[in-house]
Amino acid sequence: QVQLVESGGGLVQAGGSLRLSCAASGSIFSLYHMAWYRQAPGKQRELVASITTGGSTHYADSGKGRFTISRDNAKSTVYLRMNSLKPEDTAIYYCNALGQYATTDYWGQGTQVTVSS
C-alpha cells in the first residue's frame, strides 16, 4: 500500500547539517504515522524521531535538541533535519510508515549518513 524512498544522505563533517527526505506513494499519506530510524553497523535499529498523523512529535534522547522531524501531507513527504551532527550519528537512516491504527507497517530502503570527525 505504501512505498517509501529516502534521500538526502551523504558525507558531512562534524558540526554540519543534513536534511533527509522520505517520499511516500501508493496510499493516503495523511493516514500514516511516520518515523525515522537508524542503524549503525553491528548495532540494532533504533528510533530517531516520529510524527503522528496529528503532527505530534517524539525524539529519542540522542537527537533531542539537534533533530527536527516534520511532514508535508500535500507532498506526501516526511523530513528529518539534522543539525550539529556528530560521528556517532553515522548510520543508515530508514523511513517508516505506520498505519493510523497500527495494523500496517512499511519501510524504505534507507539512506546513508556519514559524519566525519
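The values are calculated or read from the model by the stated rules, or taken from the named source; none is laboratory data. Note that the coordinates shown come from a computational prediction; the quantities given were computed from them, not determined experimentally. No Cβ is skipped: glycine too gets one built from the backbone with ideal geometry, and neighbour counts run over all protein chains shown. Side chains included, ligands, DNA and RNA excluded: accessible areas come from the protein's heavy atoms. Shrake-Rupley method; radii C 1.70, N 1.55, O 1.52, S 1.80 Å.
Couple of notes before you dig in:
- Share of carbon and sulfur in the accessible heavy-atom surface of the chain [1.4 Å probe, %]: 49
- Partners for Lys64 among lysines (Cα-Cα distance below 16 Å; same-chain residues under 8 apart left out): Lys86
- Kirkwood hydrodynamic radius over Cα pairs of segment 52-117, then Stokes diffusion coefficient at 25 °C and 0.890 mPa s, in µm²/s: 182
- Cα-centre dipole for the chain with unit charges at Cβ (Lys and Arg positive, Asp and Glu negative), debye to 20: 180
- For segment 43-117, the solvent-accessible area with a 1.4 angstrom probe is 54 square angstrom per residue.
- Long-range amide H partners of Thr90 with built H, under 5 Å: Val115
- Heavy-atom SASA rank of Arg81, Arg19 (probe 1.4 Å, accessible area, largest first): Arg19, Arg81
- For segment 78-92, 3J(HN,Hα) per residue [Karplus equation, 6.51 cos²θ - 1.76 cosθ + 1.60, θ = phi - 60°, Hz, x = Gly/Pro]: 10, 10, 9, 8, 10, 10, 6, 5, 10, x, 6, 7, 4, 4, 8
- Its Cα gyration tensor gives the chain an equivalent ellipsoid. The semi-axes, each the square root of 5 times an eigenvalue, are 23, 14, 13 Å from largest down.
- The phi-based Karplus calculation (6.51 cos²θ - 1.76 cosθ + 1.60; θ = phi - 60°) puts the 3J(HN,Hα) values of segment 54-64 at x, x, 6, 10, 9, 10, 5, 4, 4, x, 4 Hz, whole numbers, x for Gly and Pro.
- Sequence-separation-based contact order of the chain, relative, with Cα cut under 8 Å and 6+ spacing, percent: 36
- Packing, taken as the mean count of other beta carbons within 10 Å per residue, orders the peptides 22-34, 104-116 from highest to lowest as 22-34, 104-116.
- Built amide H within the under 5 Å cut-off of Gln100, gap 5+: His33
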